[in-house]
Every structure is written in C-alpha cells, then in structure tokens.
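So the structure is just underneath, and the comments pick up after that.
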Amino acid sequence: MKLTPHASLSTLNTLGLDAHCLWLADVTRPDDLAQLRTNPELATLPRLVLGGGSNILFCDDFAGLVVHNGLKGITLHEESEHWLLHVAAGENWHELVCHALQQGWHGLENLALIPGTVGAAPVQNIGAYGVELASVCAYVEAFNWQSGEVERIAAADCRFGYRDSIFKHDYQDSHVIIAVGLRLPKAWRPVAGYGPLAALGDAPSPQAIFDTVCATRMAKLPDPAVLGNAGSFFKNPVVPAALAETLKQQYPQMPCYPAAEGQAKLAAGWLIDQCGLKGFAIGRAAVHQEQALVLVNLGAASAMELIALAAHVRDSVEHQFGVVLEHEVRFMGRSGETWLDEVLA
C-alpha cells in the first residue's frame, strides 16, 4: 500500500477536475484496508473509495482519505448450470466483459464499454441495453469498516434498484467493496430488444451484441481520455404514467418505456436535446455535441462551471416538460457526498 499526503485527484476522475485530497491510499490487498482502519491518523477522517473515478464530480478538494481500489484477480467456479466468476473490485469493467466473452462466459455483452471498475458496478447497479448488474450478480464481498471483517452480501440483500443499491445508502460509509460474484448462465439467451440490438434478429450471437453495443456507445459517447466526461450525467426520469401520456400527446416522437405500475420511464437525453442544449456551454463546461446526456470538460473547466451547467440543464428540462432530472453522477464535497441543490444553496 502506498500513502500519499495532499495528493492530486486529477488523474483519478474522468471529468479531469483538478481536486486534491488530504491523503491518498493506493490499496492492492484486502489487508491494506485493515491497516487503514487501525491507523489513528486516518481512521477518523472522511473517507471516499475510488476505482476509475468515472462517475464522480469533485465540487471541492476532499478533506479526508481517498482509498484508490487497486484489488485485482478473477477466479472461476463451475456450477451445473452457471459459471460463477469471483472478480476483485479493482478490475476494469470493460476488460472483464471482453475476457468473459473470449472465454465463452456469456451474459455481460450488453454492458460492454461501461467505464469504471468492477467494484463500482454494484454501487450504481450499472445497466445498459436491457440488462442490469442485478440480473447477473450473485453476491458482493465488502470490508466492514466498523467491524474490520469481510462480509459476503447476497444479491437479494443489496437492495438493487434503478442506478441504486444499499451501497449508496446504509452501507455507503461503512462498507468497502472488495469483490463481486457474477453468475452467468451456461444456457445463454440474448437480450436484444432494446434500441439498435433489435435490428440483430431473433437469435443474435454474443459477439454480435457486444460489437453492436460497442459501436453504438463509441458513436455516441466521447472517450474520457480525449474529452473529460463522466458518461451519462442524468438518470432517465421515471414519471407518473398520466404525465407521460400528456407529454406523448404533445410530443408523439418522445421515447417512453413502461416502468413500475402507474409509471413510465423517459429518455433524459431526448428531453435535454429538445431544449436545444447540445453544444451549450458555460465557461469550459459543455453539453456534448452528439449526446445531450453527457456533460464534458472542454479543457480546464472548473467544478463550478460544471455545476452551473448541470443546474441549467435540469432547470431547462423542468421548465419545458415539467420533469425534474436527477443527476446520476455523484457530487463530492469537502467531507462527503452532496447534491446539486446543496451545492447551489
């Protein structure tokens, strides 16, 4: 484990914001977490776990300990009807998807090219093209900062929801994810009813799904290594079905999908696009020219420019459609997670 005081976080967040932390711990073994827990200088500090930093906006310097999760390793356990993968939290998510496809372990293809690490996947319950992590997750292993023990948490106890889990709530401060168990069926069936995948026919191969997802994401989403961004900035809003029907009458071309009973899910990117915001900029922060759901750092953008842009996008959509967008990207203040309205207050 490497400990660095007053470390820069500019290379540890894909928005490329110039933030610093009081201490940075590069963790490569689960035992490193136990050492941090018993360090009297570090144990009482605010704590943030970072993997790839692909879903975070630093609103300020972080006055605490940043734990950079570098745990590696993939172990395969064969079951009668499934492949069970035990994957360390620091593994790159897309590289895992590629590896599984090459080995013939199918079921992750729809989740290709989602940025970040395996440990971040359960936190957000990542999802794309009709598949969510919850559908393949068997368990999550986490270090309990309060007890010092490693716990295996069954998927049923992770409270997975739309871009949500127990790790964003009850376990946010107490648990550090160290590994994820993924159960992939040997009798694989494609999930290909969403967007461009529908054009692949009734029985597309895993490789065809993977290739289509990758091509679609690369065409729409900028590479964070080229243009700083955190992927989809806002969640697709879930609204009362009556409101969706009213909006559908005004905007017949509006994408709309069934959700829970009495509700419907709208496409946040479409709503933002209809407000004419593609390319709109505040300082060096802008709405991406090709994908309105993505806010980008054009170079040397400040946190306040991105925050102001996010507020403008949210307010514009609310004014035109009566729909309030919620940011998917995590906002991090000096001592912990915060929200857009709190930052603006």
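Once both labels are modelled 7 Å past Cα along the beta-carbon direction, what's the A63-S205 spacing in nm?
With each label placed 7 Å out from Cα toward Cβ, I get 5.7 nm.
For C137, what charge total do you get from the other residues with a beta carbon under 13 Å from its beta carbon, if Lys and Arg give +1 and Asp and Glu give -1?
0
So for region 1-92, taking the charge dipole from beta-carbon charges (+1 Lys/Arg, -1 Asp/Glu), which of N55, V67, L24 sits furthest toward the positive end?
So the residue furthest toward the plus end is L24.
Where does the chain land on the Kirkwood hydrodynamic radius, alpha-carbon pairs, in angstrom?
In the chain this quantity evaluates to 21.1 Å.
Stretch A156-D26 to full length: gain in nm at 0.36 nm per residue minus the Cα-Cα span?
Extra length from A156 to D26 when fully extended: 43.7 nm.
Where does region 201-254 land on Rg(C-alpha)/(2.2 N^0.38 Å)?
My calculation over the Cα atoms of region 201-254 gives 1.67.
Calculate what fraction, in whole %, of the accessible area of region 79-156 sits on carbon and sulfur atoms when a 1.4 Å probe is rolled over the protein chains.
So the carbon and sulfur contribution to the accessible surface is 48 percent.
Measuring from label point to label point, each 7 Å out along Cα→Cβ, what is the K186 to H169 span in nm?
3.7 nm
Can you give the relative contact order of the chain as a percent, counting alpha carbon pairs under 8 Å and 6+ residues apart?
Relative contact order here is 17 percent.
Which of the GluC sites (Glu not before Pro) found in region 93-156 are loop residues per DSSP with 16 or fewer other Cβ atoms within 10 Å of their Cβ?
Passing both the DSSP loop test and the Cβ count: E149.
Just check region 165-246 against the gyration tensor rule for me: Cα atoms, a ≥ b ≥ c as the square roots of the eigenvalues, rounded for a/c under 1.5, and otherwise prolate or oblate depending on whether a/b exceeds b/c.
Verdict is rounded for region 165-246.
Counting only heavy atoms of protein chains, what accessible area per residue, in Å², does the chain have with a probe of 1.4 Å?
Per-residue value: 44 Å².
So what's the back-of-envelope 222 nm ellipticity for the chain, counting only DSSP H runs of four-plus at -39500 (n - 2.57) apiece and dividing by all residues, rounded to 500?
-6500 deg cm²/dmol
Roughly how much of R334 is accessible, in Å² to the nearest 10, using a 1.4 Å probe?
Estimated to the nearest 10 Å², R334 gives 120 Å².
Along the Cα→Cβ direction, 7 angstrom out, place labels at Q103 and Y251. What is the inter-label distance in nm?
With each label placed 7 Å out from Cα toward Cβ, I get 4.3 nm.
Filter the GluC sites (Glu not before Pro) in region 260-329 down to the DSSP loop ones having no more than 16 other Cβ atoms within 10 Å, then list what survives.
Hits after loop and neighbour filter: E261, E290, E326.
The values are calculated or read from the model by the stated rules, or taken from the named source; none is laboratory data. From a predicted model like this one, the values you see are computed outputs, not experimental measurements. So basically every Cβ, Gly included, is an ideal-geometry build from the backbone, and we count neighbours across all protein chains shown. In case anyone asks, the SASA skips ligands and DNA or RNA and just uses the protein heavy atoms, side chains included. Shrake-Rupley method; radii C 1.70, N 1.55, O 1.52, S 1.80 Å.
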